[in-house]
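Shown next, in structure tokens, is the structure this report addresses.
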Amino acid sequence: MILLVTPSDVPRGSLYLVDVGFGMNIVARPVLLETGKLIPGSMVPEEHRLIRAAHPLSALELDDDPRSEDHKEWQLQQRCGTFQPDWRTLYHFSPQFEALGLDYEALNYAIYSRPTNTPFWPFVVYVTHFWNSEKEKDQENGALGRRYMFANVVKERRGDQDTILRVLKTEQDRVTALKEVFGVELTEQEAEAIRGRLPELARE
């Protein structure tokens, strides 16, 4: 989900992208809709940019069409140091098309209930950010670090360095990691809710 907003203190018609959550790839600040400008990510050396292009799956032949600009979408792209040196498109959007509440209900249901083309059916994912130091909290672009769980691995990233904190072998390992690394304490009933599901790890 994204929001397109025009703040009251900018010229009328200036649209800004506000990303309200895209996991580890989140945009950390409002982004003016303009092409090519480099945007610092939520942690160094992560960067984002916006470009205008046709969707890669589009069947429209636009090369010689003077209306081709009408068919181009905004694309948010990301790269991140040695982990991901090339630009990768995260998602596409167009200010001309507004999503409604019913659209989001249908999309959310598809994302969490489909066993394919989504990370949330086969994996457990958890992401959190932290300041690398108290001093950096006071800086506008203070360097953040990131801790994340994906499947059975817990990692921490500071700058361009990724460190494995834990490899989870059992469900109890996962419950313990959520508490000790992320500060999330599951009740016994909540921990049991994963039983029989695809991402469940071994039981002790």
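The values are calculated or read from the model by the stated rules, or taken from the named source; none is laboratory data. If you're wondering where the values come from, they're calculated on a predicted model, not measured in any experiment. As a convention, Cβ positions derive from the backbone with ideal geometry for all residues, glycine included, and neighbour counts pool all protein chains shown.
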* Asked: Here are some conditions: (1) free of Cβ contacts under 8 Å to residues at least 12 places away in the same chain; (2) in contact with a Phe, Trp or Tyr (Cβ under 8 Å, 6 or more places away or on another chain). Residue 12 meets all but one. Which one does it not meet?
  -> (2)
* Asked: Quick check: anything in the stretch 186-197 closer than 30 Å to residue 29 by Cβ, in contact (Cβ under 8 Å) with a residue 40 or more places away in the chain and out of contact with any Pro (no Cβ under 6 Å at 6 or more places or on another chain)?
  -> no
* Asked: Taking the stretch 16-41 as the region of interest, how many residues are surrounded by fewer than 17 Cβ atoms within 10 Å (Cβ to Cβ), within 12 Å of the chain's Cα centre (by Cα) and not β-branched (Val, Ile, Thr)?
  -> 4
* When residue 47 is evaluated against the numbered criteria (1) touching a strand residue (DSSP E or B) at 6+ places or on another chain (Cβ under 8 Å); (2) within 25 Å of residue 10 (Cα to Cα); (3) modelled with pLDDT under 85, which criterion, by number, is the only one it fails? -> (3)
* Working carefully through the options 112, 91, find the one that is of a type outside the set (Lys, Arg) and within 26 Å of residue 53 (Cβ to Cβ). => 91
* **Hits in the stretch 73-102 (condition: among the aromatic types (Phe, Trp, Tyr), within 15 Å of residue 15 (Cα to Cα) and surrounded by 12 or more Cβ atoms within 10 Å (Cβ to Cβ))** => 74, 93
